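Undergrad: My structure is below; once you've seen it, I'll send some questions.
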Amino acid sequence: MIKKFFFLLLLQFIFLPTIIEAARIDTLRVHSASMNKEIATLIIVPTPASEQDAGAVYPVLYLLHGHGGNESNWLGVRPDLGTLADKYGLYIVCPDAQNSWYWDSPVQLESKYETFISIELPAYIDAHYATVPSRLGRAITGFSMGGHGALWNALRHPEVFGVAGSTSGGVDIRPFSDNWNLKELLGAYEEFPTHWENHTVINLIEGFSEKMCVPTLIIDCGMDDFFLEVNQALHHKLVEKGIRHDFILRPGAHDGAYWANSIEYQLLFFHLFFSSHLPTTKV
């Protein structure tokens, strides 16, 4: 019995550095001046790989939740986000955007989540963490509503985000006008069609060309997803405009199992982008 006790104690000391060195999770409330309120935000802080890396700066991934979710949703999809942050050497920032669709709503004028995601939150993160404070050090992605929000913010703010993704994203909202409180944010389609036309990701592509500054893009969707057709349409529109991007279809539905798998591919995609643009990023 005594030998077993000392053996277990020894194991604790052996694995203690690993426990101490695990990525840190900060749960904060970040002030939004545009909305005059505090936004719950979860930040996963990567662990320096060695003492020599203690003063290093890291790129940032803004990871957006879906409709009905909050800042903790991605931890439910991938409880090992801390391990992934350490593996790829980046911060992961998950804000609570409620059911905002990540716009500045033209109807609910107090809802300004585009301003928060693309201006206020990056400014806060860069001021309080050891980040790479440029578009080349920022990625953004998300699932479902968050996939829409990631592309919406990245395409409207290419000076902020250098690389962006969407997984199972609602990239064209118009076929779903009766769903997910969209009417509350845009008004009824019949009454405010311009709001709908101007607030859907696929229509942003109309004004782009291959010569413009466009974030590097990765888009994926499951073949059994109800957003499959709108994702395929976005892919074809990007091809038509000559905008380079990765587009992936794989088996799966609109669920956590698909997103848990998808994020691995997108993290690798972002890591390769950072590795090619940031000399301090390790492969």
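Undergrad: crowded, with 24+ Cβ neighbours inside 10 Å, under 24 Å from Phe273 (Cβ atoms) and in contact (Cβ under 8 Å) with a residue 12 or more places away in the chain: does that describe Leu64?
TA: yes
Undergrad: Another question, then. For Ser134, work out the one condition from (1) farther than 22 Å from Leu272 by Cβ; (2) hydroxyl-bearing (Ser, Thr, Tyr); (3) surrounded by fewer than 18 Cβ atoms within 10 Å (Cβ to Cβ) it doesn't fulfil.
TA: Here Ser134 clears every test but (1).
Residue-wise test of (1) touching a strand residue (DSSP E or B) at 6+ places or on another chain (Cβ under 9 Å); (2) farther than 18 Å from Ser100 by Cβ; (3) buried (at least 23 other Cβ atoms within 10 Å of the Cβ); (4) of a type in the set (Ser, Thr, Tyr).
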site	(1), (2), (3), (4)
Ser166	yes, no, yes, yes
Ser177	no, no, no, yes
Leu185	no, no, no, no
Glu190	no, yes, no, no
Cys221	yes, yes, yes, no
Phe226	no, yes, no, no
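Undergrad: I would also like to ask the following. Hey, can you tell me all the residues within the stretch 105-119 that are more than 19 Å from Thr141 (Cβ to Cβ) and assigned to a helix (DSSP H, G or I)?
TA: Thr115
Undergrad: Let me ask something else. Pairs under 6 Å by beta carbon, first residue farther than 22 Å from Ser262 by Cα and touching a residue at least 24 places away in the same chain (Cβ under 8 Å) in the stretch 163-180, partner open to solvent by less than 30 Å² (accessible area, probe 1.4 Å) and of a type in the set (Phe, Trp, Tyr), six or more apart or different chains?
TA: Close Cβ pairs satisfying both conditions: Arg174/Trp196.
Undergrad: Name the residue that is nearest to His148 (Cα to Cα), counting only residues in the stretch 220-275 that are in a loop (DSSP other than H, G, I, E, B) and touching a residue at least 60 places away in the same chain (Cβ under 8 Å).
TA: The selected residue is Phe227.
Undergrad: Still on this model: Which numbered condition in (1) out of contact with any helix residue (DSSP H, G or I) (no Cβ under 7 Å at 6 or more places or on another chain); (2) in a loop (DSSP other than H, G, I, E, B) is the only one that Ile125 fails?
TA: In the conditions (1) out of contact with any helix residue (DSSP H, G or I) (no Cβ under 7 Å at 6 or more places or on another chain); (2) in a loop (DSSP other than H, G, I, E, B), Ile125 misses (2) alone.
Undergrad: Against the conditions (1) loosely packed, with under 15 Cβ neighbours inside 10 Å; (2) touching a Leu at 6+ places or on another chain (Cβ under 9 Å); (3) at pLDDT below 95, where does His199 fall short? Just the number, please.
TA: Every condition holds for His199 apart from (1).
Undergrad: Could you list, in sequence order, all residues of the stretch 67-124 that are of a type in the set (A, V, I, L, M) and buried (at least 20 other Cβ atoms within 10 Å of the Cβ)?
TA: Within the stretch 67-124, Val77, Leu81, Ala85, Leu90, Ile92, Val93, Ala97, Ile117, Leu121 qualify.
Undergrad: Restricted to the stretch 154-180, and to residues that are aromatic (Phe, Trp, Tyr) and assigned to a loop (DSSP other than H, G, I, E, B), which residue is modelled with the lowest pLDDT?
TA: Going through the qualifying residues, I end up with Trp180.
Undergrad: If you don't mind, another one. What are the pairs, 6+ residues apart or on separate chains, where a residue within the stretch 114-134 that is closer than 22 Å to Ala56 by Cβ has its Cβ under 8 Å from a residue that is open to solvent by 10 Å² or more (accessible area, probe 1.4 Å) and acidic (Asp, Glu)?
TA: Matching pairs, first to second residue: Pro133/Asp126.
Undergrad: Given the criteria in contact with a Gly (Cβ under 9 Å, 6 or more places away or on another chain), under 25 Å from Gly76 (Cα atoms) and in a helix (DSSP H, G or I), does Ala139 qualify?
TA: no
The values are calculated or read from the model by the stated rules, or taken from the named source; none is laboratory data. Note that the coordinates shown come from a computational prediction; the quantities given were computed from them, not determined experimentally. All Cβ positions, glycine included, derive from the backbone under ideal geometry; neighbour counts span all protein chains shown. Side chains are part of the model used for accessible areas, which takes the heavy atoms of the whole protein and leaves out ligands, DNA and RNA. Shrake-Rupley method; radii C 1.70, N 1.55, O 1.52, S 1.80 Å.
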